[in-house]
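Worksheet: one structure, shown below.
FYI, it's all coordinate maths here, none of it is from the lab. Remember, it's a predicted structure, so these values are computed and weren't measured experimentally. So basically every Cβ, Gly included, is an ideal-geometry build from the backbone, and we count neighbours across all protein chains shown.
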Amino acid sequence: MPRSRAAGRTVSTNDSFDSVPVLTQAVEVADVPEAPASRIHLIGGEKGGVGKSVVARLLAQHFIDHNLAFTGFDTDRSHGALMRFYKDYASPVLVDRFEALDAIVESAIEHPGQRVLVDLAAQTHDPLVRWMDDSGVLELAAESGVQIHYWHVMDAGRDSVDLLERLIDRFEDRLQYVLVLNELRGDDFGNLERSGQFERAKALGARVVRLRHLQDAVLRKIDAADSSFWAARTMASNEGPKLGLLERQRLKMWLAHASAQIAAADV
């Protein structure tokens, strides 16, 4: 009579297949990590002179310093800060052409984990909203796992508060908001705090980034030299923007604080 060596018992011709013991071995299957979500960062605030481009440059420098891959798009035809200061990372895009704006979302979807940085010029809100509505951008982003963060850069004036209200009225909880209180353009944000829009935004999950003031002369020298923040903080005093020793030290401290604020926002 045949014996089953594996089972260690005599197998009878009367045994059914199900009655024969079978040795099994547990196999652990490692979880496949999910691809990180792509993130689109829209740097806006609508009105000119509020400091949008400075914030876009700070975010670009933060990504570079932390080895975070990103693609930049610049919508300002005349004063494109990303094209000027971080040209190796940025491309121009026209907000009045849908096919040009499409590249923003396509880049995020085609490269999981990618960060897409968009510096929005003044007066781009209406064409941007039209593109989002007609193209179903927010719906497609949600289906594709792409996060859209809107950085609303604010000065201390009432206009910034009114524009924030308009933004929230339009998109409500469909965007992830970051409020940038830009002390380069004033440090009294009482208008915002008294308006009710600050609490309204935070109730929708808005993060808050406070950008400290930096000596005007330092920024003027950096801009005049078309220098990235990295070059400005590392070059010798007789190179690039030609910052003095203490000017460069103030810049380093300002950049470190800004980077810490961006990191704390966790976006």
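Here are a few things to note about the model shown:
- Criterion violated by Asp266 - all others in (1) in contact with a helix residue (DSSP H, G or I) (Cβ under 9 Å, 6 or more places away or on another chain); (2) within 30 Å of Ala37 (Cα to Cα); (3) surrounded by fewer than 14 Cβ atoms within 10 Å (Cβ to Cβ); (4) not hydrophobic (A, V, I, L, M, F, W, C) satisfied: (1)
- Per the listing Gly205, Gly196, the residue uniquely at positive phi and under 18 Å from the mean Cα position of the chain (by Cα) is Gly205.
- Pairs are defined by a Cβ separation below 9 Å, a sequence spacing of at least 6 or placement on different chains, a first member in region 226-237 that is within 17 Å of Leu214 (Cα to Cα), and a second member that is assigned to a loop (DSSP other than H, G, I, E, B) and of a type in the set (Ser, Thr, Tyr); the pairs so defined are Ser228/Tyr86.
- Matching residues in region 209-249 - criterion: being assigned to a helix (DSSP H, G or I) and crowded, with 16+ Cβ neighbours inside 10 Å: Val218, Leu219, Lys221, Ile222, Asp223, Phe229, Ala232, Arg233, Glu247, Arg248
- The C-beta contact set for region 146-175 (first residue assigned to a loop (DSSP other than H, G, I, E, B), second residue of a type in the set (D, E, K, R) and surrounded by 17 or more Cβ atoms within 10 Å (Cβ to Cβ), distance under 6 angstrom, 6+ apart or interchain) comprises Asp155/Arg185.
- Identity of the residue in region 73-90, of a type in the set (Lys, Arg) and assigned to a loop (DSSP other than H, G, I, E, B), that ends up farthest from Val50 (Cα to Cα): Lys87
- When the residues of region 91-114 are filtered to those that are without any contact (Cβ under 8 Å) to a residue 40 or more places away in the chain and outside any helix (DSSP H, G or I), the one that is surrounded by the most Cβ atoms within 10 Å (Cβ to Cβ) is Val95.
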